[in-house]
1. Amide H neighbours of residue 143 under 5 Å, counting only residues 5+ apart in sequence or on other chains, H built in-plane at 1.01 Å?
2. Output the Cα-based Rg and Dmax of the stretch 56-139 in Å, rounding Rg to one decimal and Dmax to a whole number.
3. Before rounding to the nearest 500, sum -39500 (n - 2.57) across all DSSP H runs of length at least 4 in the chain and divide by the residue total; then give [θ] at 222 nm in deg cm²/dmol.
4. Can you give the extra length, in nm with one decimal, that the chain gains between residue 120 and residue 81 once fully stretched, where that is 0.36 nm per residue apart less the Cα-Cα distance?
5. Please compute the modelled spin-label separation between residue 7 and residue 48, points set 7 Å along Cα→Cβ, answer in nm with one decimal.
6. How do the peptides 145-157, 108-120 rank, highest first, by the average count of neighbouring beta carbon atoms within 10 Å per residue?
7. Please compute the contact order of the chain in relative form: average sequence separation of alpha-carbon pairs under 8 Å and at least six residues apart, divided by the residue count, as a percent.
8. For Cα Rg over 2.2 N^0.38 Å, several values are listed as (1) 1.01; (2) 1.26; (3) 1.06; flag the one computed from this structure.
Amino acid sequence: MAVCKLKTVPSGEPVSLEEVKAHLRITQTEDDSYLESLIKAARQYVEQLCGPLLTQVWEQYQDAWPAGAVLELKKPRVQSADFSIDYTNASGVSATLAAGNYTLSLSDEYHPKVVLKETASWPTMDLFNVDAIKITFKAGYGTAATAVPEPLRQAMLLVLGHWYEERQIVVAGHLISEMPFAVQALLANYRVW
């Protein structure tokens, strides 16, 4: 079983404070810090459903090598830059698997994988008993907000608008509604199942 841990958060956000304020038709500055916290929360909400948006660094931990030649990565949109596979043997000695032993297959952005070359094999020594394999990679559409597909940015704006207007979980005397249908429609083609 593999577990992923966020190592480095993105350097920015897919939507700016100015875009959010224009979307919500807000001209005052009193809510700016609140809106900035909503921007971060909206990005995280969309990322839970669709995977990393802006470039961020992840670590995937595994206890064992796969039985076959394919090691699946658990996040979509993996980037080839700064990719590495480290492992620790039973004695606690760490090493890096040489990049010449594998190919990074990114043709399916939702199911990236590491494929051993025909002449290579996974290391055969006994591994440390837990989290012995650490795969470090970058994932996301890119570093610029414009790299994120517009439907995902628009979904964030709708989520932000909903949260800004409905600040409580339940308001007495009002109908309870789920997230607006438009958000689900905008995210549908990008969801990670």
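1. Result for residue 143 returns 55.
2. Final numbers for Rg and Dmax: 12.3, 37 Å.
3. On the way: 4 runs with 50 residues, N = 193.
Taking each H run of at least 4 residues, the total per residue is -8000 deg cm²/dmol.
4. On the way: separation 39, 0.36 × 39 = 14.04 nm, distance 2.16 nm.
Result for the pair: 11.9 nm of gain on full extension.
5. According to this spin-label approximation, the distance is 2.5 nm.
6. Working: 145-157: 18.3, 108-120: 14.1.
Taking the mean over residues of other Cβ atoms within 10 Å, the ranking is 145-157, 108-120.
7. Numbers: 330 pairs, mean separation 56.9, N = 193.
Relative CO of the chain lands at 29 percent.
8. Answer by label: (2).
Each value in this text was obtained by applying a stated rule to the coordinates, not by laboratory testing. From a predicted model like this one, the values you see are computed outputs, not experimental measurements. Cβ atoms come from the backbone with ideal geometry, glycine included; neighbour counts cover every protein chain shown.
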